[in-house]
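The values are calculated or read from the model by the stated rules, or taken from the named source; none is laboratory data. Small disclaimer: the values here were computed from a predicted structure and weren't measured. For neighbour counting, all protein chains shown are included, and Cβ atoms are generated from backbone atoms with ideal geometry for every residue, glycine included.
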Amino acid sequence: MDLRPGVSLSTRVRFPEELPITAHVVELANGIDEHQIIIVAGETGSGKTTQLPKICFAMGRGTQARIGCTQPRRIAASSVAARVAHELDSALGDVVGYQVRFTDKIKATSSVKFMTDGILLAEIQSDPLLRAYDTLIIDEAHERSLNIDFLLGFLKRLLPRRRDLRVIISSATLEIERFATFFNNAPVIQVSGRTYPVDVLYRPPSDDEADLADLVANTVNEITELDPRGDILVFLPGEREIREAAGEIEQRALPHTVVLPLYSRLSAAEQQRVFHSGPGRRVVLATNVAETSLTIPGIVYVVDPGLARINRYDVRTGVSQLLVEDISRASADQRKGRCGRVQSGVCFRLYEEQDYVTRPAHTDPEIKRVGLAGVILRMKSLRLGDIEEFPFLDPPPQRAINEGYRTLEELGALEEGQLTQIGEQLGRLPLDPRLGRMILGGREENALREVVIIASVLGLQDPRDRPQAVQQKADEAHRKFREEGSDFVAYLKLWAFWQDARKRLSRRQLQKICHDNFLNYNRMREWEEIHDQIVRILKDLNFKPGAQPASGEQIHRALLPGLLSKIGMYNPEGRNYFGARQTRFVIHPSSSLARKPPAWVMAAELVETSQLFARTVAKLDPAWLEHAGGSLCRRSHADPHWEQKQGQVMAKEQVTLYGLPIVKDRSVAYARYNQPLCRELFLT
């Protein structure tokens, strides 16, 4: 195939022979020249990420404005930029640079800029037509994160207004037809190359393999007995699991073996070690960044426990959280494909074959997994317009949109469709808006340290186990964590117990103490993981915990603005609570407040089983509600009358929140509400 008239490629840019995409360079250059948008499909390892920006650069693009390349993860943006700079014989930050949150290595004269998709979205606010770019490459589009869906919708709108802009959507071979249709039947260019066969072995855990670190280390050991030389890639859900597995593998003292972690918080130098093979055999322990974003050369064996951290909305709590769950079949196949690039490989799946068969075919796009309050908040913060009007690849249902708006109004983030000051602050916190609102409350009330501990457990299943057969025994073990009047404060006691045990005990002993105290070890660790993530986010934003421990009142006043729709007023006749918006509920029997129900409560969640139960409950002072409710409070006035002593017309004020009376018969000056009537009463 020849280049189209007027298209040329610089001979100074070379393309590696061994990459499948190299055979398609001319076809891709012609496609980029001829069409405003093209879809490039190819399996991970075909060279899309590194070679597409080089093709654009070789065509002479990136001179007047930049070639922008987005990546879903910081670690990919920085390491791919380093790779492309090396291939173009230039120092990183010169011709090729990158920008991620808190770090950039780029000059005003750089032609190619790698960045996370969040960085490009943020640039829209100051550059709504993205004039800084003549070419945009959206990489890993099949991941369908919220950021990617925002970019796809934004670009669909932008293209008719920027005829000079070229857009390349780069994806694994999933969903290609949907991308093409979404962009008005854009042309698709396939660049997949040959791969070697990969055998799959199913190796579920045995009874004596206590946890994931054990299971992984044993599997690496078994591979070593078969082949002590071939490089191994192990997928793990997060940083803590990587550290624990590394510790277990190192204890095995395998010969000629170097264990290399790979996750986003490592320094650039530590990340780069993974890409260089040395004299020993490498065991790379990676998060799912290695699933599609990065290709690690020379992998012969893949070990896949079938787990990942995935953001998901919990209807019970109204909170979206990153939780560990089983990956889809598509993700499992992507992981399998990480070996078999240079020779035949073997993938060890650490679960049953039947388990693989019953998994969902694909991971849902993020917009289908998260609460829309956070989506609406981000769209408002990024000025992307109304969610109803936005061209999403998967438009969310109207019912979910309405619920999202209602949540933001409850949190005080929206008034008459516009972001309030609280909304602006919440938009800067990369957290679920409900948790974010509690954290802002924690800052206001000087209870930040305590609120972060409580907020990080609210999206999780209760870490205290109550097995049916030994419920009484479990309740006995949990009694030391109870706090009369507040299940929230009970979490602080449980946290202190865990932190103390973590300092003193080995991992095995920690598992035993959890078992003896009817605590779920994995959930306790999950809680700590989420807590540490939130602490890191707040550190980046300069949120500082108070010097003194907070009182119970400070803690509950801080949590309240995030839980306003889950308050209740006791109804002695029905022995239940009147809740917001005409609901009725009872306190769950597992709560320390169940035996002596207080007059007012707030709850973390309302769960419908045999009846509507409030779980994780605390006593509430109704005097706090008027301040916390703000513009959600409704006021009415009765009995306006002239009061001689006051020298003005007074009336009795009633204040309600979600239909619940929070102020009764308060005497107020009536002139603020009805001046003409006051004048009339004064004259008569």
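Data table
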read-out	value
Failed item, numbered, when E553 is tested on (1) at pLDDT below 90; (2) assigned to a helix (DSSP H, G or I)	(1)
Output for the stretch 556-599, where each listed residue is of a type in the set (D, E, K, R) and modelled with pLDDT of 95 or more	R557
Residue within the stretch 20-40 that is more than 18 Å from D164 (Cα to Cα) and part of a loop (DSSP other than H, G, I, E, B) present	no
Residue in the stretch 644-659 that is β-branched (V, I, T), in contact with a His (Cβ under 9 Å, 6 or more places away or on another chain) and within 26 Å of R557 (Cβ to Cβ) present	no
Sole residue being among the hydrophobic types (A, V, I, L, M, F, W, C) and surrounded by 15 or more Cβ atoms within 10 Å (Cβ to Cβ), chosen from V451, V470	V451
Selection status of T219, among the hydroxyl-bearing types (S, T, Y) and at pLDDT 95 or above	yes
Within the stretch 156-181, considering residues that are outside any loop (DSSP other than H, G, I, E, B), of a type outside the set (V, I, T) and crowded, with 20+ Cβ neighbours inside 10 Å, the one farthest from the chain's Cα centre (by Cα)	R166
Subset of the stretch 261-313 [in a loop (DSSP other than H, G, I, E, B), within 18 Å of I249 (Cα to Cα) and not polar (S, T, N, Q)]	Y263, V274, G280, P305
Answer residue from the stretch 639-662, given it is touching a residue at least 12 places away in the same chain (Cβ under 8 Å) and among the charged types (D, E, K, R) and is nearest to W624 (Cα to Cα) among those	E653
Selected residue (criterion: nearest to A81 (Cα to Cα)) from residues of the stretch 134-146 that are in contact with a Lys or Arg (Cβ under 9 Å, 6 or more places away or on another chain) and surrounded by fewer than 23 Cβ atoms within 10 Å (Cβ to Cβ)	D134
K107 being under 30 Å from the mean Cα position of the chain (by Cα) and either farther than 26 Å from E291 by Cα or not in a loop (DSSP other than H, G, I, E, B) (or both)	no
Of all residues in the stretch 473-487 being among the small types (G, A, S) and closer than 18 Å to A618 by Cα, the one that is surrounded by the fewest Cβ atoms within 10 Å (Cβ to Cβ)	G485
Filter result for the condition that a residue is touching a Lys or Arg at 6+ places or on another chain (Cβ under 6 Å) and assigned to a strand (DSSP E or B), over A614, A603	A603
Check on R163, within 21 Å of H35 (Cα to Cα) and out of contact with any strand residue (DSSP E or B) (no Cβ under 9 Å at 6 or more places or on another chain)	yes
The stretch 518-544: number of residues that are at pLDDT below 90, surrounded by 19 or more Cβ atoms within 10 Å (Cβ to Cβ) and outside any helix (DSSP H, G or I)	0
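Residue-by-condition table, conditions (1) closer than 23 Å to R162 by Cβ; (2) out of contact with any His (no Cβ under 9 Å at 6 or more places or on another chain); (3) outside any strand (DSSP E or B):
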position: G45; (1), (2), (3): no, yes, yes
position: G60; (1), (2), (3): yes, yes, yes
position: I67; (1), (2), (3): yes, yes, no
position: V84; (1), (2), (3): no, yes, yes
position: L92; (1), (2), (3): no, no, yes
position: F114; (1), (2), (3): yes, yes, no
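Conditions (1) over 27 Å from L322 (Cα atoms); (2) assigned to a helix (DSSP H, G or I), marked per residue:
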| position | (1), (2) |
| --- | --- |
| V457 | no, yes |
| D462 | no, no |
| A469 | yes, yes |
| K473 | yes, yes |
| E476 | yes, yes |
| K480 | yes, yes |
| A490 | no, yes |
| D500 | no, yes |
